[in-house]
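The values are calculated or read from the model by the stated rules, or taken from the named source; none is laboratory data. Just so it is clear, the structure is predicted and the values come from calculations on it, not from any experiment. Virtual Cβ from ideal backbone geometry, glycine too; neighbours counted across all protein chains shown. Side chains included, ligands, DNA and RNA excluded: accessible areas come from the protein's heavy atoms. Shrake-Rupley method; radii C 1.70, N 1.55, O 1.52, S 1.80 Å.
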Amino acid sequence: MAEENKVSLHGFFASPYVRRVDLALKFKGIPYEYVEEDLKNKSSLLLKYNPVHKKVPVLVHNGKPIVESLVILEYIDETWKNGPRFLPEDPYKRAQIRFWASFVHQQVFENMVLILKTDGEAQEKTVKEVSEKLSLLEEGIKSIFPEGIPIINQENVGLLDILIVSTFGSYKAQEEVLGLKLIDPEKTSPLLFSRLKALLELHVVKGALPPHEKVVGALKFMRQNALNSASV
Amino acid sequence: MAEEVLVFGTWSSPYGRRVEMALKLKGIEYKYIEEDLTNKSPSLLKYNPVHKKIPVLVHNGKPVAESLVILEYIDETWKNHPIFPKDPYERANARFWAKFIDEKCLPAIRKACWGEDQKEREKAAEELSKLLQFLENELEGKRYFGGGTIGLLDIAANMIGYWLGVFEEASGASELLTREKFPKLFNWANEFVSVSAIKESLPPRDKHVAFMRKRFGMVNTSK
């Protein structure tokens with residue numbers, strides 16, 4: 001019965017997309033094997049499991065691959081019903097959470113990546129955009145929890161919490177590399193920031209986030225690469 | 001208990017039509033509101049303040065936006081004629097391919113039909129061919145993406161099942177989805193548009209071709 005519920009995760013330590021899956025598995029207490037991929041030299045296994053996108057993360061469950069971080073998170077929630085439920089039962093609340101998850105994924109995070117990869121005017125423009133998106137997200141969080149957000153613990157972590165930690169958890173490293181604050185606790189994001197701080201206190205999160213210096217190194221490398229290839 | 005279902009859309013958008021297809025399949029009555037996107041209604045702005053886009057489904061006053069989110073909401077709320085499999089792995093598969101269609105196929109289709117120049121269009125057509133091959137393989141041994149009956153992925157693939165043909169005709173693009181290159185997908189498209197709930201949700205073809213031709217031009221003259 002050793003093959004039953006065999007779970008492995010193919011990832012890259014600095015990838016926030018991988019982080020999402022890593023956190024989900026840890027929150028649910030699912031044992032898994034982690035396989036670090038060298039993205040400049042992808043394993044034949046990765047290419048077999050994700051022939052369409054050739055990317056990480058890939059979750060492999062009993063030999064069957066699942067890809068795309070948000071798809072993986074819902075798969076985990078639907079397959080392992082123990083531990084925190086990442087999505088609530090009510091269809092309308094589920095729709096709201098899916099909407100905001102997609103918003104954080106596409107509107108916020110992908111723009112944050114652009115900020116890392118650009119400078120000058122292009123970067124300034126994107127920083128403004130992210131600030132606007134974060135204001136919208138703040139309103140969104142209020143609309144999901146009209147009676148106030150329940151206090152977080154390891155039993156009630158949700159899909160948005162996982163996205164918040166994976167996107168903003170390394171905010172200090174991001175600030176150090178960029179020389180600017182992306183998430184403003186006073187003006188645009190008081191709720192988001194207080195939620196983030198509470199999540200960062202959780203035991204599982206502390207164990208899952210890579211050390212500050214490692215993240216700084218990875219972000220600096222990505223930024224340098226992008227700026228070098230952009231200049232003629 | 002009176003149930004009110006509103007759908008905000010535009011007549012030519014595949015995204016809005018996805019919502020109508022799902023509601024019609026389940027036999028849900030709804031009121032359709034046509035939006036003029038150059039002059040958005042106060043209702044649309046109220047119901048989708050974040051993106052200000054269609055489609056929006058409003059169920060008993062509560063709005064849901066983003067077509068794929070709406071499809072899942074519809075399936076979870078009205079449990080007759082399910083459009084989503086029960087097995088988590090198959091659900092993950094359907095979600096994956098739906099995203100693939102939206103994020104990869106749609107941009108390639110637009111570029112293949114209306115790219116800036118011939119070179120860009122040819123490059124996009126090549127890319128689209130590779131993408132369609134993945135979907136062709138998905139149909140192995142299946143009548144629809146959903147298996148024996150229409151499912152969420154079939155609805156999400158409406159752009160390929162119908163809109164692609166209209167775009168080809170309007171732009172004069174050489175046949176991107178042919179029986180020779182993609183027999184299963186070609187067959188699927190014909191079956192898809194024959195399902196009554198789908199057929200009733202399609203824009204009128206001649207009007208649609210003329211509209212797209214006027215809007216974007218007939219840029220592909222060689223065949």
**Message:** If B:ASP87 meets every condition in (1) among the charged types (D, E, K, R); (2) away from chain A (no Cβ under 14 Å); (3) surrounded by fewer than 17 Cβ atoms within 10 Å (Cβ to Cβ) apart from one, which number is that one?
**Reply:** (2)
**Request:** Could you please find all residues in segment A:78-107 being buried (at least 21 other Cβ atoms within 10 Å of the Cβ) and more than 10 Å from every other protein chain (Cβ to nearest Cβ)?
**Result:** A:PHE86, A:VAL104
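This table checks each residue for (1) among the β-branched types (Val, Ile, Thr); (2) touching a Cys at 6+ places or on another chain (Cβ under 7 Å); (3) under 24 Å from A:ALA208 (Cβ atoms).
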{"residue": "A:ARG20", "(1), (2), (3)": "no, no, yes"}
{"residue": "A:LEU39", "(1), (2), (3)": "no, no, yes"}
{"residue": "A:VAL52", "(1), (2), (3)": "yes, no, no"}
{"residue": "A:PRO57", "(1), (2), (3)": "no, no, yes"}
{"residue": "A:VAL71", "(1), (2), (3)": "yes, no, yes"}
{"residue": "A:LEU87", "(1), (2), (3)": "no, no, yes"}
{"residue": "A:PHE109", "(1), (2), (3)": "no, no, yes"}
**Asked** Given the structure, is B:GLU169 closer than 14 Å to B:ILE109 by Cβ, open to solvent by 20 Å² or more (accessible area, probe 1.4 Å), out of contact with any strand residue (DSSP E or B) (no Cβ under 6 Å at 6 or more places or on another chain) and not small (Gly, Ala, Ser)?
**Response** yes
**Asked** Which one of the conditions (1) surrounded by fewer than 15 Cβ atoms within 10 Å (Cβ to Cβ); (2) in contact (Cβ under 8 Å) with a residue 12 or more places away in the chain; (3) away from chain A (no Cβ under 12 Å); (4) over 18 Å from B:ASP154 (Cα atoms) does B:PRO42 fail to meet, given that it meets all the rest?
**Response** (2)
**Request:** Given the conditions (1) open to solvent by less than 40 Å² (accessible area, probe 1.4 Å); (2) within 10 Å of chain B (Cβ to nearest Cβ), report the number of the one that A:MET112 does not fulfil.
**Result:** (2)
**Fill in**
In segment A:52-61, anything more than 9 Å from chain B (Cβ to nearest Cβ), under 14 Å from B:ALA92 (Cβ atoms) and open to solvent by 10 Å² or more (accessible area, probe 1.4 Å) is listed as none
**Message:** Suppose we filter segment A:128-147 for residues that are under 20 Å from A:GLU186 (Cα atoms) and open to solvent by less than 40 Å² (accessible area, probe 1.4 Å); how many remain?
**Reply:** 6
**Item:** Exclusive hit being exposed (fewer than 13 other Cβ atoms within 10 Å of the Cβ) and of a type outside the set (Val, Ile, Thr), set A:GLU176, A:GLU213
**Value:** A:GLU213
**Item:** Residues located in segment A:32-48, provided they are in contact with a strand residue (DSSP E or B) (Cβ under 8 Å, 6 or more places away or on another chain) and either touching a residue at least 60 places away in the same chain (Cβ under 8 Å) or open to solvent by less than 80 Å² (accessible area, probe 1.4 Å) (or both)
**Value:** A:TYR32, A:VAL35, A:GLU37, A:SER43, A:LEU45, A:LEU46
**Message:** Given the condition facing chain B (nearest Cβ under 10 Å), touching a residue at least 40 places away in the same chain (Cβ under 8 Å), small (Gly, Ala, Ser) and buried (at least 21 other Cβ atoms within 10 Å of the Cβ), answer yes or no: does some residue in segment A:63-76 qualify?
**Reply:** no
**Request:** Scan segment B:177-189 and report the pairs whose first residue is under 17 Å from B:ILE109 (Cα atoms) and open to solvent by 70 Å² or more (accessible area, probe 1.4 Å) and whose second residue is of a type outside the set (A, V, I, L, M, F, W, C) and part of a loop (DSSP other than H, G, I, E, B), with Cβ atoms within less than 7 Å and a gap of 6+ or a chain change.
**Result:** none
**Asked** Identify, please: which residue in segment B:53-77 is among the polar types (S, T, N, Q) and more than 7 Å from every other protein chain (Cβ to nearest Cβ) and is, among those, surrounded by the fewest Cβ atoms within 10 Å (Cβ to Cβ)?
**Response** B:ASN60
**Message:** Taking the conditions exactly as written (among the small types (Gly, Ala, Ser) and in contact with a Phe, Trp or Tyr (Cβ under 7 Å, 6 or more places away or on another chain)), does A:ALA101 satisfy them or not?
**Reply:** no
